[in-house]
1. In the list 172, 199, 185, which residue meets the criterion of being at pLDDT 90 or above, over 21 Å from the mean Cα position of the chain (by Cα), surrounded by fewer than 19 Cβ atoms within 10 Å (Cβ to Cβ) and under 28 Å from residue 87 (Cβ atoms)?
2. Consider residue 13 against the criteria (1) among the hydrophobic types (A, V, I, L, M, F, W, C); (2) more than 20 Å from residue 177 (Cβ to Cβ); (3) modelled with pLDDT of 95 or more: it satisfies all of them except one. Which criterion is unmet?
3. What pairs come out if I take residues in the range 3-27 that are in a helix (DSSP H, G or I) and pair them with residues that are charged (D, E, K, R) whose C-beta lies under 7 Å away, six or more apart or interchain?
4. Considering only the range 47-59, I want to know if a residue exists there that is assigned to a loop (DSSP other than H, G, I, E, B) and at pLDDT below 95.
5. Of a type in the set (A, V, I, L, M, F, W, C) and under 30 Å from residue 4 (Cβ atoms): which single residue out of 124, 140 fits that description?
6. Does the range 73-87 contain any residue that is part of a helix (DSSP H, G or I), out of contact with any Cys (no Cβ under 9 Å at 6 or more places or on another chain), under 30 Å from residue 185 (Cβ atoms) and at pLDDT 95 or above?
7. Please list, ordered by first then second residue, the pairs with beta carbon atoms under 8 Å, 6 or more apart or interchain, first in the range 29-42 and without any contact (Cβ under 8 Å) to a residue 40 or more places away in the chain, second among the polar types (S, T, N, Q) and part of a helix (DSSP H, G or I).
Amino acid sequence: MKHEPAQIKKLNALMRRLKTKHKNIEAQAYEPTTQLIMAFLQADSSRRKAEQAYDALMENMVDNNELRVSHTQEIVDVIGEKYPRVYWRVERMLESMRDVFLREHDHKMVKVVSQTKKEQRHYLDTLTGITPYVAASVMLLCFGGHAIPVDDKLVALLEREGAIDEGLTAADVEGLLLRQFKAGDPSVEAHLLLQAWSDGCKTPASVLEAPEPQLFTVEATREDQKREPAKKTTKKTKAANVKGKTSDAKPTKKKTTKKTTKKTAKKK
């Protein structure tokens, strides 16, 4: 999948306009778990609403760990049912936070910090409930990886601008943008400008009415598979398996051996 020259031209023109309009934008520094929460709250919404929602949550809870063990309805009651896709995003957020705890034995991402960029991205991509936007947000702003967060709202806005083809997923668009903006400061600046543009635009109705955003579907690694409980086999299933194997097997002919007796002449 490639950007057409006309689309690249429109994207570059958009970025020039955004640079002129939004100057001295700085990324807010959060530790990884807080950034994960903020990204879930910000996707298809805005940074301001996400900050307000998180502040409200921390006024009602001790810390992120208490948030992790809270029920969905408790969180929804704090941030409000009018928040876009509130139940879907809260449930996915809690799934990811609980998966972090299973891996780290802590609500903070401690072990993953010392891993390679490739390992960090795989760690994020394989979290239960994670979305491309959230994984890219933590990867870019916390681990300094080459990533650009893209949600369905930004996809719709770029489509409307003519900078991308129609029908692309958020993960598809991130891949296109990564080829246009280098790792490091260029990708961070691109994210901040695109996010500021998205924050200033109303979320299209087509996004709010569409099915929930896609989740990552990454094949489990050997370590992930180890965490999965082995399937229990009962006596009935064992008997059925044995019966199935014997019924499917081809009948074999039994080898028979003829006993030969040596006749010995009696000596008179």
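1. On the way: 172 fails: over 21 Å from the mean Cα position of the chain (by Cα); 185 fails: under 28 Å from residue 87 (Cβ atoms).
Testing whether each residue is at pLDDT 90 or above, over 21 Å from the mean Cα position of the chain (by Cα), surrounded by fewer than 19 Cβ atoms within 10 Å (Cβ to Cβ) and under 28 Å from residue 87 (Cβ atoms) leaves just 199.
2. (2)
3. Short answer, once both residue conditions are applied: 10/161; 14/161.
4. Residues of the range 47-59 that are assigned to a loop (DSSP other than H, G, I, E, B), as a first pass: none.
No: zero hits.
5. Numbers: 124 fails: under 30 Å from residue 4 (Cβ atoms).
Checking each option against the conditions leaves just 140.
6. Within the range 73-87, not a single residue is part of a helix (DSSP H, G or I), out of contact with any Cys (no Cβ under 9 Å at 6 or more places or on another chain), under 30 Å from residue 185 (Cβ atoms) and at pLDDT 95 or above.
7. Matching pairs, first to second residue: 34/64.
A quick yes/no check of all residues on (1) out of contact with any strand residue (DSSP E or B) (no Cβ under 8 Å at 6 or more places or on another chain); (2) surrounded by fewer than 19 Cβ atoms within 10 Å (Cβ to Cβ); (3) over 17 Å from residue 31 (Cβ atoms); (4) without any contact (Cβ under 8 Å) to a residue 24 or more places away in the chain:
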| site | (1), (2), (3), (4) |
| --- | --- |
| 73 | yes, yes, yes, yes |
| 81 | yes, yes, yes, yes |
| 88 | yes, yes, yes, no |
| 96 | yes, no, no, no |
| 103 | yes, yes, no, yes |
| 115 | yes, yes, no, yes |
| 126 | yes, no, yes, no |
| 133 | yes, no, yes, no |
| 139 | yes, no, no, yes |
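The values are calculated or read from the model by the stated rules, or taken from the named source; none is laboratory data. These numbers were taken from a predicted model, which means no experiment stands behind them. So basically every Cβ, Gly included, is an ideal-geometry build from the backbone, and we count neighbours across all protein chains shown.
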